[in-house]
Amino acid sequence: MNFAYQTYRLLTTVLFLFCLPIFRLAASLSPRHQAVLNQRLGCYAAVRVKNTGGSPRIWLHAASVGEVGVAKAIMAHLVVSMPDSALILSSTTEHGVLFAREKLGSRVTCVYAPLDFTRCVRKAFGTLQPDILVCIETEIWPNWMITAQKMGIKTALVNGRISIRSIRRYLYIRPLMKETLKNVDAFSMIRPEDAERIRSMGADRDKIEVNGNAKYDILPLQADHILKTALARRYRINDRPVFLAGSTRTTEENVILDVYQKIIRSFPETILLIAPRHVERSGHIQRLVNERGFSCQLRTHIDENRPRSAPVVILDTIGELQATYSIATLVFCGGSLVPRGGQNVLEAAAWGKLVFYGPSMEDFLDARDLLSRAGGGIEVRDGKDLAEKAIYYLSHPEEAGRIGRRAKEAIRSHTGAARKHAEVIHRLVRDRG
């Protein structure tokens, strides 16, 4: 055990002891928070754990909603190759856990992830007793990985990605990362660049392979055209243009409203849908819209009996954005006109939509490059550029349609990664014996 990890373990232990009374006090105010806290502390005794009699016991950890979708795609292959396995999925966020319980059903035990404190992790592993621990994308937790190895649990990072932005932070703590990654048995990365970055952090080259992005596998399956028809009715589209700004971040909404004001001069019937990356900002965005003189509605105030009546709608819900892309004419993918690394442009492209994105796409370079190579996405410099291009493609719908179809076909041609990641997990099971 090296000095970097000893220091990390000491600091997290002290932090745990300091925070525990605060956690307990906060949890006492709400039974729901008490149940969540118990699981975050590694106590699953009160959880109705289903399907725990199977073997091997495979625990997949997904940070939030997006990673849960990846886990679902991988699990579909695990169920085929290891039908007697017990599957456990953990997530860090409430949205992730609720989404997992809704989408995965009774076949998978869904829980909150334990905090990265040694005591919590050891307790969680002791209760759920996984044979394999699989972390998805960028979930690299020192106490998780090192404790798992000490307890004889095989570990893997699958659909792994290390962005340009995050590699700089990881290299600052390379001694800790190297000690952590030494305890991981397999790295199944998305791109060669991700493989090289994890190697530079200290991963063993012989444990690394490149198997693509499992998100390509789930996107075509999510294109539910029955749902599209229902959404079009709920939002009263009736052949009106729809400009959808998805996963927007701070200050981008002002840019989007500037763009919308320019669009409606040429296309006054255009509907604007804004889906903030963090739904708790919905009230703030609603005030911005009203200050511009537009009426707007929250998505939670719209249903089959109360269809859309305002020109602007704010999606203040979780888990609906991917389906809502289906009714868009043009899509802007947020987090990209500000230095936030972008968001997943493929969710809209899977519907055959023309997707705009800004210059900051560092966290989704593989998705951006895929669309760029296929001629299925358009980068914009700023709000002025976005407005000009949006008006152009609204004026040339056939051209916009061709670009969207190229994007959709590019995604379909890159499926198969989920199966490869599942094979890595299966191989670990066989190695474990």
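The values are calculated or read from the model by the stated rules, or taken from the named source; none is laboratory data. Note that this is a predicted model, so its numbers are computed, not measured. A quick note on method: Cβ atoms are made from the backbone with ideal geometry, for glycine too, and the neighbour counts reach across all protein chains shown.
Here are the numbers for the structure shown:
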quantity	calculated
In the range 76-122, residue surrounded by the most Cβ atoms within 10 Å (Cβ to Cβ) [restricted to those that are in a helix (DSSP H, G or I) and β-branched (Val, Ile, Thr)]	VAL121
Unmet criterion (only one of (1) within 18 Å of ALA124 (Cβ to Cβ); (2) free of Cβ contacts under 8 Å to residues at least 60 places away in the same chain) for ALA156	(2)
Residues of the range 343-364 satisfying the condition of being small (Gly, Ala, Ser) and touching a Cys at 6+ places or on another chain (Cβ under 9 Å)	ALA348, GLY358
Helices (runs of 4 or more DSSP H) enclosed by the range 313-403 - at least 2 residues per element that are without any contact (Cβ under 8 Å) to a residue 12 or more places away in the chain	365-374, 383-395
Residue among GLN39, GLN34 that is under 25 Å from the mean Cα position of the chain (by Cα), of a type in the set (S, T, N, Q), in a helix (DSSP H, G or I) and at pLDDT 75 or above	GLN39
Among (1) modelled with pLDDT under 95; (2) closer than 21 Å to GLU67 by Cβ - the single one GLY352 does not satisfy	(2)
The lone exception for THR147 - which of (1) more than 20 Å from the chain's Cα centre (by Cα); (2) modelled with pLDDT under 95 it fails	(2)
Selection status of PHE294, part of a loop (DSSP other than H, G, I, E, B) and of a type outside the set (A, V, I, L, M)	yes
Search result, residues across the range 123-162 that are among the small types (Gly, Ala, Ser), part of a loop (DSSP other than H, G, I, E, B) and surrounded by 21 or more Cβ atoms within 10 Å (Cβ to Cβ)	none
Only listed residue being within 27 Å of the chain's Cα centre (by Cα) and assigned by TED's automatic domain parsing to the domain that holds GLU362, chosen from ALA195, ALA230, ALA203	ALA230
Selection count, the range 264-281, where residues are in a helix (DSSP H, G or I) and either modelled with pLDDT of 95 or more or surrounded by 22 or more Cβ atoms within 10 Å (Cβ to Cβ) (or both)	4
Failed criterion for ILE425 (all others in (1) assigned to a helix (DSSP H, G or I); (2) under 22 Å from THR329 (Cβ atoms) hold)	(2)
Residue match in the range 258-279 (condition: more than 24 Å from GLY69 (Cβ to Cβ), in contact (Cβ under 8 Å) with a residue 60 or more places away in the chain and among the small types (Gly, Ala, Ser))	yes
Where a residue in the range 164-189 is on the phi < 0 side of the Ramachandran plot and its partner, wherever it lies, is of a type in the set (D, E, K, R) and at pLDDT below 95, with Cβ under 6 Å and at least six apart	ILE164/GLU362; ARG165/GLU362
Filter result (in contact with a strand residue (DSSP E or B) (Cβ under 8 Å, 6 or more places away or on another chain) and more than 19 Å from ILE218 (Cα to Cα)) within the range 60-86	MET82, SER85, ALA86
Hits in the range 224-282 - residues which are among the aromatic types (Phe, Trp, Tyr) and over 14 Å from ILE391 (Cβ atoms)	TYR235
Residue tally, condition β-branched (Val, Ile, Thr) and surrounded by 12 or more Cβ atoms within 10 Å (Cβ to Cβ), over the range 1-33	3
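The rows are residues; the columns are (1) in contact with a Phe, Trp or Tyr (Cβ under 9 Å, 6 or more places away or on another chain); (2) at pLDDT 95 or above; (3) hydrophobic (A, V, I, L, M, F, W, C).
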position	(1), (2), (3)
PRO114	yes, yes, no
ARG119	yes, no, no
ILE140	yes, yes, yes
ASN159	no, yes, no
SER166	no, no, no
GLU179	yes, yes, no
